[in-house]
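Engineer: Can you read through this structure? Questions will come right after.
The values are calculated or read from the model by the stated rules, or taken from the named source; none is laboratory data. Being a predicted model, the structure only gives us computed values, none of them experimental. When we count neighbours, we look across all protein chains shown, and the Cβ atoms used for this are built from the backbone with ideal geometry, even at glycine.
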Amino acid sequence: MSKLTITAKELRAIGFPESPVIPVAMDAVGKHFKHEKKEDVMEILKAVLASPLEYKNDAVLGMIADKLLPKEELGEPEISLNNTGVHFNTFGAEHIEQGAFHQMYSAVKLPIAVAGALMPDAHHGYGLPIGGVLATDNAVIPYGVGVDIGCRMCLSIFDIDAKELSNREQYFAREISEATLFGSGAQFKQAEDHEVMDSKAFFENPLLKGLHGRAWKQLGSSGSGNHFVEFGSVTITEKDEVLGVTPGTYIGLLSHSGSRALGACIANHYTKIAISKRRLPQEAKNLAWLDLNEEAGQEYWIAMNLAGDYASACHHIIHAKIAKQLGRKPMKMVENHHNFAWKEIHEGKEVIVHRKGATPAGKDVLGIIPGSMTANGYIVKGRGEVASLNSASHGAGRKMSRTQAIANITYEGLKNELNKYGVKLLGGGLDEAPFAYKDIEAVMQSQTALVDVVGKFTPKIVKMCGDPPRYNNRRKKSEIEGE
């Protein structure tokens, strides 16, 4: 077998900037991927390019990611953190790792911090912890929003007997597989049509204009990682006036994904600008912010909202395709962002509320909090709790990193767990196994003051990215694929 080589021209063609990253990427391919298929390696490199932070600590890909990450410019004087931070409330502290607390302690010491909260599913991230909520004074933190801008949940409830999921399992599995694409670099050959692609924001910002073509080809796709599209049963036990669904058991279509390469490129571009403008101590470097009175801050705000609209459009396209095949319109759709920033009023003053991996839970606001591929998810109604900045968890939250999950979970164990709960998994892998997540029931119990449960979603047919995590375990994941 001939050894794989990738040229600088090929790397530039997929968006890699000039040196020093190209020689590093070529060297890594030559040493570690020389017997892999070129198309597989190119997809891996596209994923690193789109989200370098995701690969920063990878033993091989970290060398490439490091060259892609924004470098701190030393021209500006370092901004000191406050000695004592603003107060933040914690919900379900017993479920939260110390790394998330340390990140929150840094965040609330920022000069722009107004208030904060930590959700029970919180764990370590970049910038703000995932599950962290931070209100700021007229400033937005790109890594406080997150790389996957507008990552969101969307649930369609269909007036179809949930028993059909067992009776016609192959039919429903086929409809999911045909409705979307998974994978970090996935693109459609023929672009979908949606009004979001006509937004003037795409044509008024050079960065966004350059991303328009790829964004169009990814419109309606679902990405990788913990993103999914799944069928399950929706159980409503009591009539809720806000939800407006008669008690019963129905078929639900639930999706989780964000703004794809569009959001990742926006996040990385404006984080680089923020870091160049505000030099912070090392432990808070990724919390660099943009003032909303300055041009870059205004640009980011417009771009962030565009990415949110784009993420919403991706979900709506998927749900519309499947609804058409089912021959039914959903009787109810519930959806929410959980990687975003909003202008809200806190204690009589307008603030910017960052919810990085947190669900909006204002008074009577509906949302979805999923569990795992075998655990229940919940339709919730916000209680408007000021102590949490009108927020709740965005899921069960990870208790194992992807690396830990791959090292400690077996395919046999995952297969047995799927069989135990009667779940058909299409794609997926050990890094997303149920064992890698916290107990959703314990997490929900920790936030009874934040949300009321108005419905339950139980997964039955789960579609996730079939690609292996990063670059290993390619062979073994086929053992459960499609079972």
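Engineer: Do you know which residues across segment 368-386 are under 18 Å from the mean Cα position of the chain (by Cα) and of a type in the set (S, T, N, Q)?
Structural biologist: Once the filter is applied, which keeps residues that are under 18 Å from the mean Cα position of the chain (by Cα) and of a type in the set (S, T, N, Q), segment 368-386 yields only SER372.
Engineer: Restricting attention to segment 311-340, which residues are assigned to a helix (DSSP H, G or I), in contact with a strand residue (DSSP E or B) (Cβ under 7 Å, 6 or more places away or on another chain) and not hydrophobic (A, V, I, L, M, F, W, C)?
Structural biologist: SER312, HIS315, HIS319
Engineer: Continuing with this model, one more query. Residues of segment 133-144 being within 14 Å of the chain's Cα centre (by Cα) and within 17 Å of ALA93 (Cα to Cα), which ones?
Structural biologist: Hits for segment 133-144: nothing passes.
Engineer: Any residue at all in segment 118-136 that's free of Cβ contacts under 8 Å to residues at least 40 places away in the same chain, crowded, with 24+ Cβ neighbours inside 10 Å and of a type outside the set (D, E, K, R)?
Structural biologist: Within segment 118-136, one or more residues are free of Cβ contacts under 8 Å to residues at least 40 places away in the same chain, crowded, with 24+ Cβ neighbours inside 10 Å and of a type outside the set (D, E, K, R).
Engineer: Here is a further query. Please go through (1) surrounded by fewer than 24 Cβ atoms within 10 Å (Cβ to Cβ); (2) within 24 Å of ILE317 (Cα to Cα) for ILE379 and return the number of the only condition it doesn't satisfy.
Structural biologist: Only one criterion is unmet by ILE379, namely (1).
Engineer: Only one of these conditions is not met by ALA392: (1) more than 19 Å from ILE96 (Cα to Cα); (2) touching a Leu at 6+ places or on another chain (Cβ under 7 Å). Which number is it?
Structural biologist: Going through (1) more than 19 Å from ILE96 (Cα to Cα); (2) touching a Leu at 6+ places or on another chain (Cβ under 7 Å) one by one, ALA392 breaks only (1).
Engineer: LEU74: under 30 Å from LYS31 (Cα atoms), aliphatic (A, V, I, L, M) and modelled with pLDDT under 90, yes or no?
Structural biologist: no
Engineer: Checking TRP301 against (1) among the hydrophobic types (A, V, I, L, M, F, W, C); (2) under 30 Å from GLU417 (Cβ atoms); (3) outside any strand (DSSP E or B), which test does it fail?
Structural biologist: Of the numbered conditions (1) among the hydrophobic types (A, V, I, L, M, F, W, C); (2) under 30 Å from GLU417 (Cβ atoms); (3) outside any strand (DSSP E or B), the odd one out for TRP301 is (2).
Engineer: Looking at (1) at pLDDT 85 or above; (2) surrounded by fewer than 19 Cβ atoms within 10 Å (Cβ to Cβ), can you tell me which one PRO20 breaks?
Structural biologist: If we test PRO20 against (1) at pLDDT 85 or above; (2) surrounded by fewer than 19 Cβ atoms within 10 Å (Cβ to Cβ), just (1) comes out false.
Engineer: Looking at this structure, is GLY252 buried (at least 24 other Cβ atoms within 10 Å of the Cβ), closer than 24 Å to PRO142 by Cα and not hydroxyl-bearing (Ser, Thr, Tyr)?
Structural biologist: no
Engineer: Related question: State whether one or more residues within segment 26-38 are within 24 Å of the chain's Cα centre (by Cα) and not assigned by TED's automatic domain parsing to the domain that holds VAL451.
Structural biologist: There is no residue in segment 26-38 that is within 24 Å of the chain's Cα centre (by Cα) and not assigned by TED's automatic domain parsing to the domain that holds VAL451.
Engineer: Continuing with the same structure: Looking at HIS212, HIS227, can you tell me which residue is in contact with a Phe, Trp or Tyr (Cβ under 8 Å, 6 or more places away or on another chain) and free of Cβ contacts under 8 Å to residues at least 40 places away in the same chain?
Structural biologist: Residue meeting the stated conditions: HIS212.
Engineer: With a cut-off of at least 2 residues that are closer than 29 Å to VAL386 by Cβ, name the helices (runs of 4 or more DSSP H) lying wholly within segment 24-108.
Structural biologist: Because the criterion is at least 2 residues that are closer than 29 Å to VAL386 by Cβ, the helices (runs of 4 or more DSSP H) in segment 24-108 that meet it are 98-107.
Engineer: So if I check each of TYR105, TYR55, which one is within 24 Å of the chain's Cα centre (by Cα) and free of Cβ contacts under 8 Å to residues at least 24 places away in the same chain?
Structural biologist: Among TYR105, TYR55, only TYR105 is within 24 Å of the chain's Cα centre (by Cα) and free of Cβ contacts under 8 Å to residues at least 24 places away in the same chain.
Engineer: Looking at segment 228-243, can you tell me whether even one residue there is part of a helix (DSSP H, G or I), in the same structural domain as VAL462 (by TED's automatic domain parsing) and farther than 30 Å from GLY427 by Cα?
Structural biologist: No: zero hits.
Engineer: Can you name the residue in segment 284-340 that is of a type in the set (S, T, N, Q) and surrounded by fewer than 18 Cβ atoms within 10 Å (Cβ to Cβ) and is also farthest from LEU118 (Cα to Cα) among such residues?
Structural biologist: GLN325
Engineer: List, please: which pairs have Cβ atoms under 9 Å, are six or more places apart or on different chains, and start with a residue in segment 1-12 that is of a type outside the set (S, T, N, Q) and end with one that is exposed (fewer than 12 other Cβ atoms within 10 Å of the Cβ)?
Structural biologist: Every condition considered, the pairs that remain are MET1/HIS35; LYS3/HIS35; LEU4/HIS35; LEU4/LYS37; ALA8/GLU18; ALA8/SER19; ARG12/GLU18.
Engineer: Please find, among SER177, SER156, SER184, the residue that is in the same structural domain as CYS465 (by TED's automatic domain parsing), surrounded by fewer than 18 Cβ atoms within 10 Å (Cβ to Cβ), touching a residue at least 40 places away in the same chain (Cβ under 8 Å) and of a type outside the set (D, E, K, R).
Structural biologist: Unique residue meeting the criteria: SER177.
Engineer: So how many residues does segment 106-127 have that are modelled with pLDDT under 95 and in contact with a strand residue (DSSP E or B) (Cβ under 9 Å, 6 or more places away or on another chain)?
Structural biologist: 4
Engineer: Quick one: which residue in VAL196, VAL140 is at pLDDT 95 or above and touching a Ser or Thr at 6+ places or on another chain (Cβ under 9 Å)?
Structural biologist: The match here is VAL196.
Engineer: Could I ask something else about it? Taking only segment 341-372 into account, find how many residues are assigned to a loop (DSSP other than H, G, I, E, B) and touching a Pro at 6+ places or on another chain (Cβ under 9 Å).
Structural biologist: The qualifying residues number 4.
Engineer: So, of the residues in segment 421-456 that are β-branched (Val, Ile, Thr) and under 20 Å from the mean Cα position of the chain (by Cα), which turns out to be nearest to SER233 (Cα to Cα)?
Structural biologist: Of everything passing the filter in segment 421-456, ILE440 is nearest to SER233 (Cα to Cα).
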